[in-house]
Structure formats: C-alpha cells, structure tokens
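The values are calculated or read from the model by the stated rules, or taken from the named source; none is laboratory data. Remember, it's a predicted structure, so these values are computed and weren't measured experimentally. No Cβ is skipped: glycine too gets one built from the backbone with ideal geometry, and neighbour counts run over all protein chains shown. The accessibility values were calculated without ligands, DNA or RNA, using every heavy atom of the protein model including side chains. Shrake-Rupley method; radii C 1.70, N 1.55, O 1.52, S 1.80 Å.
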Amino acid sequence: MTNAWRRAAVAGLGALMLVGGTVGSSVAADAAGAAGHHRCVVAPDAEVVRAYEPIRIADDWLMALLPEGEQNFLISPDTSFQEVLEWQRANPETVPGIAPESLHASFSMDVETEEIVLWGGGWRTDCGPARITVESIRDGQTVEVRDAELLRLRGERGWGTFYFDGGVTREDRMVLTAYDARGQILYQREWSRPEQDTVR
C-alpha cells in the first residue's frame, strides 16, 4: 500500500482521496448534538447492508461499513477500495472510530480544480437520525437540497452511515442537517467560503 493510502486508512474517513487521477485532501467534520428532547428512532428508513460490502455511491466511488472497534466507515475511489479496506481490516487498532454523539462528514478536494465534493459520512448516537439533508447555497440562493441515503448493519444499534448519490459539490455555503422522526434538528453544521464553519 502506498504511503498516501496508508494515511487514508489510518484516518478512517478517507483523509486522502483520489479525484480525477490526482490526490486531494479530505475534510472530516464533527457536529455536536443539539440539546433537547427528541423522538429516538434507529434510522427507520435505512437500508440494511453487510459489513465490508462495497456500496456504490457514485460512478467511481464506494462506501463500506466497518464494525471493528468503535465503528467506522470507508469512502474511497473504487480503484483503491479493496486495498484500503484490506489494510483497515488488518489494522483496526489504528483506525479512529466514530465519536459518540456525533455526525461526521467526508469530503474530497481536487487539487487541480479545487472542487470540493461531499460524499456522505457516518453517525453514532442513541437517537438515530430519521433523515439527513444537505443544502447548497450560491450567492445567497439555494441551489439544491438533497436527501441522503441511510445505511446500517443488521442488528447494529446506535450508529450508521449516509451518502448522497453522486456526491454534492460545495458552493458558497453548504448546510448539513440531521433530523429526528418528528422533524426536529438533531445535528447541523455549515461550511462557508472562506472556511467559517458553524455548529448548531
């Protein structure tokens, strides 16, 4: 395994990703949970998948759920997916898991075009999200609002992953929101240009 992909495997959220044949950096973000009472569910509409099963989330990108340790997930270009997966399975102690009561997002950046794409992420909380959305905003106007696909392992409680089919390109602003079964906000994070992230 190359040093770049070894570092990617260690980071657990795809710290280095290949985009268009170039190596780009990934941004991983944690969102703190909002206070208050929520109707707790276990991702009721989530698709049940097998551990390590490659799930296609875009033409050239795959995701897998990794049950070792504190739970984790892998997002990778399909050309390197198997190599990174095998390394992570062989070295689970070096892969940081999803932090309790958190929502993680995984991006890739093309170093040539500087295009940043949100692919998906993972969550770990007793009160599982019933819906996750992303809103892209350009010049103060909403460009699109997308719903994520939710994934979980059979019999696993308290964690899972999500992805946006084909990815979502970051515009001037991007807002990622997780909702409970009543539509109340569990987590919310915003990314802006320049980087002025806010957590609610």
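For the reader, a short list of remarks on this structure follows.
- All positions within the range 74-130 that are more than 23 Å from Glu190 (Cα to Cα) and β-branched (Val, Ile, Thr): Thr79, Val84, Thr94, Val95
- Within the range 61-87, being in contact with a Pro (Cβ under 7 Å, 6 or more places away or on another chain), closer than 22 Å to Thr125 by Cβ and either open to solvent by less than 10 Å² (accessible area, probe 1.4 Å) or modelled with pLDDT of 90 or more (or both) holds for one residue alone: Ala64.
- Condition check for Ala99: in a loop (DSSP other than H, G, I, E, B) and among the small types (Gly, Ala, Ser): yes
- Candidates Ala46, Ala58, Ala90 - the one that is out of contact with any helix residue (DSSP H, G or I) (no Cβ under 7 Å at 6 or more places or on another chain) and loosely packed, with under 14 Cβ neighbours inside 10 Å: Ala90
- Only a single criterion out of (1) over 30 Å from Arg50 (Cβ atoms); (2) touching a strand residue (DSSP E or B) at 6+ places or on another chain (Cβ under 9 Å) is not satisfied by Gln141, namely (2).
- Checking Arg7 against (1) in contact with a strand residue (DSSP E or B) (Cβ under 7 Å, 6 or more places away or on another chain); (2) at pLDDT 80 or above; (3) assigned to a helix (DSSP H, G or I); (4) open to solvent by 50 Å² or more (accessible area, probe 1.4 Å), the condition it does not meet: (2)
- Look at the range 66-85: where a residue is over 16 Å from Gly160 (Cβ atoms) and a partner is of a type in the set (A, V, I, L, M, F, W, C) and assigned to a helix (DSSP H, G or I), sitting 6+ places away or on another chain with Cβ atoms under 7 Å, you get Ser76/Val84; Ser80/Trp5; Glu83/Trp5; Val84/Trp5; Val84/Ala8; Val84/Ala9.
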